[in-house]
Protein chains: 2
Amino acid sequence: MQSTRAVTLAKVPSGVPQPADFAVQSLPLPEVTAGKVLCRAQFLSLDPYLRSVLSGRHLGHSLDVGAVIPGSAVSVVERSAHDDFAVGDLVSGALGWQTLALVDGASLRKLPSAIFPSLAPASTALGVLGMPGLTAWAGITQLAKVTAGDTVLISAALGPVGSSAGQIAKALGARVIGIAGGAQKCAQVVSHFGFDACVDYKSADFLSALKAACPLGVNVYFDNVGGRVLEAALAHLALHARVVLCGLIDQYNADVRPAGPNLGPVIGARATMMGLVVYDFYPMQAAFLAYMQTLLQQHALRWLEDVSHGLESTPAAFCKLMSGGNFGKSLVQL
Amino acid sequence: MQSTRAVTLAKVPSGVPQPADFAVQSLPLPEVTAGKVLCRAQFLSLDPYLRSVLSGRHLGHSLDVGAVIPGSAVSVVERSAHDDFAVGDLVSGALGWQTLALVDGASLRKLPSAIFPSLAPASTALGVLGMPGLTAWAGITQLAKVTAGDTVLISAALGPVGSSAGQIAKALGARVIGIAGGAQKCAQVVSHFGFDACVDYKSADFLSALKAACPLGVNVYFDNVGGRVLEAALAHLALHARVVLCGLIDQYNADVRPAGPNLGPVIGARATMMGLVVYDFYPMQAAFLAYMQTLLQQHALRWLEDVSHGLESTPAAFCKLMSGGNFGKSLVQL
């Protein structure tokens, strides 16, 4: 009987997750029956939303102690009993944090050969060309409908969602301001991703620097964090601003949901705030990839990966992500 | 030299306003020069937004101690040096809380004779057929775009904005649930204004009663209050709900802007929150009145007025309004 090595939940984290909240163990795998595909992971995806899953708060998902952490992965098909997949195919899906995964073929997505790996490496199917990129594209083009001349403000700007959102907004002709934690991250947001400016929310002069970066106000704010950064952004909304509410990193580690921002500025600006859940946009995957392919061909799309190595490194890498220590998309290479 | 009797600001209120925050005094009036109109007030309008004006927080307005409170009024033209107005005309405008006002004719609106007083009394030009009614119409038809079958939840449901919003939503075929403070107000929201149900936010079982009233969730929430009522409403949003942020009565008396609701439910529901400022819709006044005229002709529009008598009663009536003691639109009849 074949087995997998997997990262499982040892106990539900309290506050910022600790490596001891996870275990790495061997688990048996069933036979490859009809319709199933056996996948060997190349890259595991570490994403902030998983923190909510661990607490049972992510859109109804919950997780038992002992269960495999249900992250996404890019994998190679090792055995297939599904007509759509052949040995050697590159696939992505909710394969869990484990070396081998046996899943229904219907749950897998084959990485399109027009892009992978000729235009971008397979790992980007978990970042700029995967769920985070789709999130960014949906928020910028489908909800906020960014157009040329907009001033677009983006928090967690060095992360895969924020950096993708900024590049898409730049491609649409917007002026793009990032918010990130620390001078080093801010520098990379500008130099690597081409944002027009980036403001350090950990800096003592955050509020005045934000004001200076957006002298005419913000037409679009893409929020990945919530908390005091959201509150600060709301104070700079231009008339009829659009705010995309995408993530609440600020509270993912909290046991109790904190209060939110005073909404007076939203009324004053006649702003529109829109909740974004990327699952709603999975049917638009093809349109998203076609758009990103164009950017790739124009060399107008970059990415930044924070890669750990080996399954055993996964818990510590996730804990680093959840305390803001990552630089770019968090991945584990197996 | 002619004079007026006026309610003026004695000191900026702290917390809930007190009658001693106001003074009633005689003030001289200048001559009626070209373009000016002298108006004698019939009804003064008491509106919660004035509380923010008193604190200098209403969209940049501020007010000096000693100044006339800049409320609206319905008045009769007593002398006119403006071609559009004749003695005896019924007008409305920002005439201030005073017996006589001398203003530019350009700032006045003549009450249309097709409606006043044949279909509705002049006082309603300050309520259901005035700024509060326009606010309700804009929120329901222009922002939330209520359609038949929607479940529409409305706070401060007995007030002129909430009760107008509910009646317009009913006319559009929606199921309408009110929120009001106290059993007596809730009863009137249902019996007088025809809401399908009304939930008492002061009741101990508010949260469970709200849930029971909206078993399928809320498609539209029209918020006039903010605070814990807004937070409770967000917990019941249906997928793709629209939230109109119209007023924050809950914090108008506060010296410091309080925190707002956690926005996680907005993301989960993929909801849209829209800030409403009625001034943006003044250009649509004719469309609004045409719509309301139709409802009047169908006997599908009611109002409720809480009328005090005499200029001296104005401060106490406003303080009653700002502590939630009013039943319907607060007016002072002179």
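The values are calculated or read from the model by the stated rules, or taken from the named source; none is laboratory data. If you're wondering where the values come from, they're calculated on a predicted model, not measured in any experiment. In this analysis, Cβ positions are derived from the backbone assuming ideal geometry, glycine residues included, and neighbour counts consider all displayed protein chains. Surface accessibility is based on the protein's heavy atoms, side chains included, excluding ligands, DNA and RNA. Shrake-Rupley method; radii C 1.70, N 1.55, O 1.52, S 1.80 Å.
Sorted shortest first, the separations between the residue B:2 label point and its copies elsewhere in the assembly read 9.5 nm; each point sits 7 Å from Cα along the Cα-to-Cβ line. List the aspartates and glutamates whose alpha-carbon lies under 15 Å from that of residue A:211, not counting same-chain residues fewer than 8 positions away? Of all the aspartates and glutamates, those that pass the test against residue A:211 - Cα under 15 Å, at least 8 places apart if same chain - are A:196, A:200, A:231. The GNM of chain A, with springs linking C-alpha atoms under 10 angstrom apart, assigns the highest mean-square fluctuation among A:81, A:300, A:259 to A:259. The Cα center of the stretch A:82-137 and the Cα center of the stretch B:16-37 differ in position by 72 Å. Taking label points 7 Å from Cα along the Cα-to-Cβ direction, residue B:76 and residue B:298 give a separation of 3.5 nm.
At a Cβ-Cβ separation cutoff of 4.7 angstrom, cysteine residues of the protein assembly as shown with no neighbouring cysteine are A:39, A:214, A:246, A:319, B:39, B:214, B:246, B:319. For the stretch A:195-308, give the percent of accessible area contributed by carbon and sulfur heavy atoms, probe 1.4 Å, rounded to a whole number. Answer for the stretch A:195-308: carbon and sulfur cover 56 percent of the accessible area. Comparing mean-square fluctuations of A:40, A:228, A:242 from a GNM of chain A with C-alpha springs under 10 Å, the top value falls on A:228.
Rolling a 1.4 angstrom probe over the stretch A:51-105 with all protein chains present gives an accessible area of which 48% lies on carbon and sulfur atoms.
The residue B:106 and residue A:257 beta-carbon pair, evaluated with R₀ = 45 Å, returns a calculated FRET efficiency of approximately 0.35.
Loop only by DSSP, 12 or fewer other Cβ within 10 Å of the Cβ. Give me the trypsin sites (Lys or Arg not before Pro) in the stretch B:286-334 that pass, ordered by residue number. Filter output for the stretch B:286-334: empty list.
Take the accessible area of B alone and of A alone, subtract that of the pair with a 1.4 Å probe, and the total buried over both chains is about 2200 Å². Summarising the amide proton neighbourhood of residue B:82: residues at separation of 5 or more, or on other chains, whose placed amide H is nearer than 5 Å comprise B:35. Taking A:298, A:167, A:188 in turn, the Gaussian network model of chain A (Cα-Cα springs below 10 Å) assigns the largest fluctuation to A:298. First select every other residue whose beta carbon is under 13 angstrom from the beta carbon of residue A:38; then total the charges, Lys and Arg +1, Asp and Glu -1. Spelling it out: positives minus negatives among the neighbours equals -1. Using the 1.4 Å probe convention, the accessible area of chain B works out to 38 Å² per residue with neighbouring protein chains retained.
With +1 on each Lys and Arg Cβ and -1 on each Asp and Glu Cβ, and nothing else charged, work out how big the dipole of the stretch A:181-334 is about its Cα centre, in Debye to the nearest 20.
Using only the charged Cβ atoms, the result is roughly 260 debye.
Modelled this way, with points 7 Å down the Cα-to-C-beta line, the labels at residue B:187 and residue B:25 are 4.5 nm from one another. Among the trypsin sites (Lys or Arg not before Pro) found in the stretch A:71-157, those both in a DSSP coil and sparsely packed, with 12 or fewer other Cβ atoms within 10 Å of their Cβ, are A:145.
Within the same chain, lysines fewer than 8 places from residue A:110 are excluded, and of the rest, those with a Cα less than 26 Å from its Cα are A:36, A:329. About the centre of its Cα atoms, chain B shows a dipole size close to 460 debye [charges on the beta carbon of Lys, Arg (+1) and Asp, Glu (-1) only; nearest 20 debye]. Shielding value for A:228-240 is 1, the average number of Cβ atoms from other chains within 10 Å of each residue's Cβ.
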